[in-house]
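Attaching a single structure in structure tokens format; questions to follow.
Here, each number is a calculation from the coordinates, and none is a lab measurement. Since the model is a prediction, treat every value here as computed from it, not as a measurement. Every residue, glycine as well, gets a Cβ built from its backbone with ideal geometry; the counts of neighbours run over all protein chains shown.
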Amino acid sequence: MAPPVDNELFSFACHIADQAAQLTLEWFQRSDLRTDIKSDGTEVTDADRAAENYLRSEIAQAFPNDTIIGEEAENYVGDSSRRWIIDPIDGTASFVRGVPLYSSLLAMFDEHGPAIGTIHLPALDESLVAGRGLGAYSGERKAAVSSIESISESCISSSSFEQPWWPKEALLNITSSGAKIRTWGDGYGYFLVGTGRIEAMIDPSLHIYDVAAMLTIIPECGGSISTWSGETELEDKRGWVGTNGLIHQDVLSKLI
């Protein structure tokens, strides 16, 4: 079993993640917000860049040998065993439209694997943070997944149920399972799983910065997270499933 992450390191991560998330509010719902389109067709704003630059600066100053991977800038490859993975605004499409369901994500991996994960929802004044072996917390409260054991009694969400992003057979299996189906997407959906408000969040393809934080958060909340094929290794552009654990295998069986 991997040892608990260092408490001071966890506190540092939670602090800078919160500061970066609060920084995004300076641009939120502003009429003069500038939006650029990246080469992959997704949106990026000055808020994305500012939040990521802040996190990169704080991490580099405190731990200059650590690797830093982010959505909006080139990776910095260090020679320590730690990797910090940043998604400054997960749900930029929501952010630019003034919808408060966007989040700011930060993760840290060490030689033992996933170690720290944070989700901050600054426009909602909510957060969910977790450290390996230290538990998960939403504000001052200990966070935990729900106790629902049946898919038919569950609420399942995805960032989108559009095709061809969703394979046709998997989409049919999930939408006909009897579960309540919603599209509370991006980091917000995993936040809802970790705090016990829904039972599963499913995405057919994610970048590592979209999901890295969840690999600490969901297990520390008592749930399960894996790729659609049941693996837990962090890889780019894989399908991921985060659940309360009790329905995990049943959900996977409907996706494969």
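Within the chain, what percent of beta bridges assigned by DSSP are antiparallel, to the nearest 5?
On the way: 37 of 46 bridges.
If I count the DSSP bridges inside the chain, around 80 percent turn out antiparallel.
Another one. Distance in nm between label sites at residue 249 and residue 93, each 7 Å beyond Cα in the beta-carbon direction?
Rounded to a tenth, the inter-label distance reads 3.5 nm.
Would the range 7-142 count as rounded, prolate or oblate if I go by the C-alpha gyration tensor, calling it rounded below 1.5 in a/c and otherwise prolate when a/b exceeds b/c, oblate otherwise?
Values: a/c = 2.18, a/b = 1.33, b/c = 1.64.
Cα axes put the range 7-142 in the oblate bin.
Per the Debye formula with a single identical scatterer at each Cα and no solvent contribution, what log10 I(q)/I(0) holds for the range 68-141 at q = 0.12, 0.16, 0.26 Å⁻¹?
-0.39, -0.66, -1.14
A further question on this structure: Anything over 20 Å Cα to Cα? Flag those among 38/168; 180/254; 142/180; 142/254, in the order listed.
Check vs 20 Å cut-off fails for 38/168; 142/180; 142/254.
Rounded to a whole number, what is D in µm²/s for the chain from Stokes-Einstein with the Kirkwood radius over alpha-carbon pairs (25 °C, 0.890 mPa s)? Present the calculation step by step, with values, prior to reporting the outcome.
Details: Rh = 18.2 Å.
Stokes-Einstein gives a translational diffusion coefficient of 135 µm²/s.
At a threshold of 8 angstrom on Cα-Cα distance, excluding pairs fewer than six apart, so keeping six or more, what relative contact order does the range 7-142 reach in percent? Numbers along the way, then the final one.
Values: 245 pairs, mean separation 26.4, N = 136.
Over the range 7-142, the number comes to 19 percent.
Kirkwood-based Rg over Rh for the range 151-255 (C-alpha set), two decimals? Kindly include the intermediate steps, with their values, before the conclusion.
Values: Rg = 12.0 Å, Rh = 13.2 Å.
On the Cα set of the range 151-255, Rg over Rh gives 0.91.
Please go through the range 195-256 and write out the GluC sites (Glu not before Pro) that DSSP classes as loop and that have at most 16 other C-beta atoms within 10 Å.
Details: sites: 199, 220, 231, 233, 235; in loops: 199, 231, 233, 235.
Loop-located and lightly packed - 231, 233, 235.
Enter the Cα centre distance for the pair the range 145-171 and the range 190-205, rounded to the nearest angstrom.
9
Show that you can apply the helix-only estimate: for the chain, add -39,500 (n - 2.57) for every DSSP H stretch of four or more residues, divide by all residues, and state [θ] at 222 nm to the nearest 500. Could the numbers behind the result be given before it?
On the way: 8 runs with 76 residues, N = 256.
When only DSSP H runs of four or more count, the value is -8500 deg cm²/dmol.
Just how large is the dipole of the range 22-64 about the Cα centre, in debye to the nearest 20, putting +1 at every Lys and Arg Cβ and -1 at every Asp and Glu Cβ? Before the final figure, lay out each step's value.
Working: 5 positive and 9 negative charges, 13 e Å.
Approximately 60 debye in magnitude.
Same structure, new question: Quick check: pseudo-label points 7 Å beyond the Cα along Cα→Cβ at residue 231 and residue 170, how many nm apart are they?
For residue 231 paired with residue 170, the spin-label model returns 1.4 nm.
Ranked highest first by the average count of other Cβ atoms within 10 Å around their residues, in what order do 30-42, 54-66 fall? Display every interim value, and only then the final one.
Numbers: 30-42: 9.5, 54-66: 15.9.
The packing order, highest mean first, is 54-66, 30-42.
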